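*Asks:* Below: one structure in structure tokens.
The values are calculated or read from the model by the stated rules, or taken from the named source; none is laboratory data. No experiment lies behind these values; they were computed from the predicted model shown. Don't worry about glycine lacking a Cβ; one is built from the backbone with ideal geometry, like all the others, and counts go over all protein chains shown. For the accessible areas, the whole protein counts, side chains as well, though only heavy atoms, and no ligand, DNA or RNA atoms are used. Shrake-Rupley method; radii C 1.70, N 1.55, O 1.52, S 1.80 Å.
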Amino acid sequence: MIPTVSFVRSPSERAVPRRLFLPEVRPFHRPPQRTRLRLDHPEDVEEARRAGLPLYLLRPETVTMLGYPMAFPPVLFATEPTRSGIDSTFRSVAMVSDEAVRNPRLEDVIVMLLHVDELAARAVAERNREDVHPAYLLKRILQEDCERAATLVRLQDLVPALAKVGRALPKAALTRQMRKNRPRGVIP
């Protein structure tokens, strides 16, 4: 499967000259049938992943397993070309990196969490500090343009090279919030 992008001009869009748009060339043999991907259940996402599509469904079980028990509706992450061809009941977020969506590392999950819940991203990073690679986390935060969300929860404590963008939560309030949601017992 190859995700493609094409433009459809409406009659009211005259600002861009017609000469800049080229008609799509179709071969004489059977034309490719354009399709959209329909994902309504976690099993659909897993089946699409097995077929090789760059998708990842971030689920609360994953975040709980990483040390921050929380509940939220699953969020679908996909690369931008793929995301534009998906119809889904899940909230979807576009990511830049194909590999980060196909095979997410801990740092990739932290960046995904910055789109879902910044405090959860901070907690997961803090509670898995020994496994986090600061250079890779910095690269991923910059690639996904999440500096403002990372600054809000003071990820500069774990990634010193990260520039501060926007406001940050007070350190005392952040510490208090991290203490509130401690895992108890055995995490599945």
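*Asks:* Around PHE72, with a cut-off of 12 angstrom between Cβ atoms, what is the net charge of the other residues, counting Lys and Arg +1 and Asp and Glu -1?
*Replies:* 0
*Asks:* Taking all protein chains as present, what is the carbon and sulfur share of the accessible area of region 78-188, in % to the nearest whole number, probe 1.4 Å?
*Replies:* Of the solvent-accessible surface of region 78-188, carbon and sulfur hold 51 percent.
*Asks:* Assuming a ≥ b ≥ c are the square roots of the Cα gyration tensor eigenvalues, decide whether region 63-102 counts as rounded (a/c under 1.5), prolate (otherwise, with a/b larger than b/c) or oblate.
*Replies:* Note, shape of region 63-102 comes out oblate.
*Asks:* Where the eigenvalues come from the Cα gyration tensor of region 82-130, what are the semi-axes √(5λ) of the equivalent ellipsoid, largest first, in whole Å?
*Replies:* So the three semi-axes of region 82-130 are 23, 13, 7 Å.
*Asks:* Still on this model: If I take every Cα pair under 8 Å that is 6 or more residues apart in region 43-177, average their sequence separation and divide by the length, what percent do I get for the relative contact order?
*Replies:* 17
*Asks:* Okay, next question. Loop only per DSSP, at most 16 neighbouring Cβ atoms within 10 Å: give me the GluC sites (Glu not before Pro) in region 89-188, ordered by residue number.
*Replies:* none
*Asks:* Follow-up. For LYS180, go through the lysines and keep the ones whose alpha-carbon is under 16 Å away, minus same-chain ones fewer than eight residues off.
*Replies:* Cα-Cα hits under 16 Å: LYS171.
*Asks:* According to the square roots a ≥ b ≥ c of the eigenvalues of the Cα gyration tensor, what is the shape class of region 46-151, taking rounded for a/c under 1.5, prolate for a/b larger than b/c otherwise, and oblate for the remainder?
*Replies:* It comes out prolate by the Cα gyration axes.
*Asks:* Using the Cα gyration tensor of region 91-188, with a ≥ b ≥ c the square roots of its eigenvalues, what is the shape: rounded (a/c below 1.5), prolate (a/b larger than b/c) or oblate (neither)?
*Replies:* The shape class here is oblate.
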